[in-house]
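Novice: Got a structure for you, written out below as structure tokens; questions coming shortly.
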Amino acid sequence: MVTLAVPGDLTGEITVSGTVTVNGQPTVSNSTITSGSTIATGAGSTAVISLGKVGRVELQENSNMVLSFSASGIVAIVSSGTARMANGVGISTTVSTRDATVIADSSQANNFQVGLENTYTYVNVTSGNVTMREGSTDRQVAAGSSATAGEVGQTGCEPCLRPGSAPPLNFAGWGWFALLGLGAAGAAILLGTRDSKKRPGGDTTVIVSPVS
């Protein structure tokens, strides 16, 4: 589908890898993107939208986004997946998800990533500074840091962490059973010692009391 732009309106150019649709129609690299377009990527696919001096938007695989833009701002609504935003100085940039709104500092150039997991939204800031707004709470997120909004530890995720963010486990599964066995044996010996009685001649009879 060819979209005609009104003269003077800012348009973007898309570069795709894999399966990408714009407003529900398959698209190819070097196609023109107009403000208000819905862009979706399939598995193993990406889309990069270049907006010239205004900025650049990259959509990762399995993502869906409505992208609006002008000469002074970028507004993205991400309903699934991950988007990386880069804006020029003086360009207001906002990314909204079901959990939060991320607002870039327009006084400087920013580069940041916003993604949705099952129960929460996260932002990673590469350069610049953004504000993550969750309800009436604002959090400043500086370059090199990240923040989340939503239910990160919701039951069913145990916990809901981004892939690769969980610390490595330093034990093998069967090792725990061995440790539990040793602990039980030690407890039995301790109880037996406490209930032991001396027999004439110095021998010791161990009477293990049942544990209720």
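No value in this document is a laboratory result; all are computed from the given coordinates. Everything numeric in this text was worked out from a predicted model, so none of it was measured. No Cβ is skipped: glycine too gets one built from the backbone with ideal geometry, and neighbour counts run over all protein chains shown.
Novice: So which strands (runs of 3 or more DSSP E) are wholly in the stretch 88-154 and hold at least 1 residues that are touching a residue at least 40 places away in the same chain (Cβ under 8 Å)?
Specialist: Fully inside the stretch 88-154 and qualifying: 110-116, 120-127, 146-150.
Novice: For ALA71, are the conditions met, namely being among the small types (Gly, Ala, Ser), surrounded by 14 or more Cβ atoms within 10 Å (Cβ to Cβ) and within 22 Å of VAL102 (Cα to Cα)?
Specialist: No, not satisfied.
Novice: Please go through the stretch 39-58 and give me each residue that is hydrophobic (A, V, I, L, M, F, W, C) and in contact with a strand residue (DSSP E or B) (Cβ under 6 Å, 6 or more places away or on another chain), ordered by number.
Specialist: Correct list: ILE39, ALA40, ALA47, VAL48, ILE49, LEU51, VAL57.
Novice: Can you tell me which residues in the stretch 19-43 are of a type outside the set (S, T, N, Q) and either closer than 18 Å to SER79 by Cα or touching a residue at least 60 places away in the same chain (Cβ under 8 Å) (or both)?
Specialist: Selection gives VAL20, VAL22, GLY24, GLY36, ILE39, ALA40, GLY42, ALA43.
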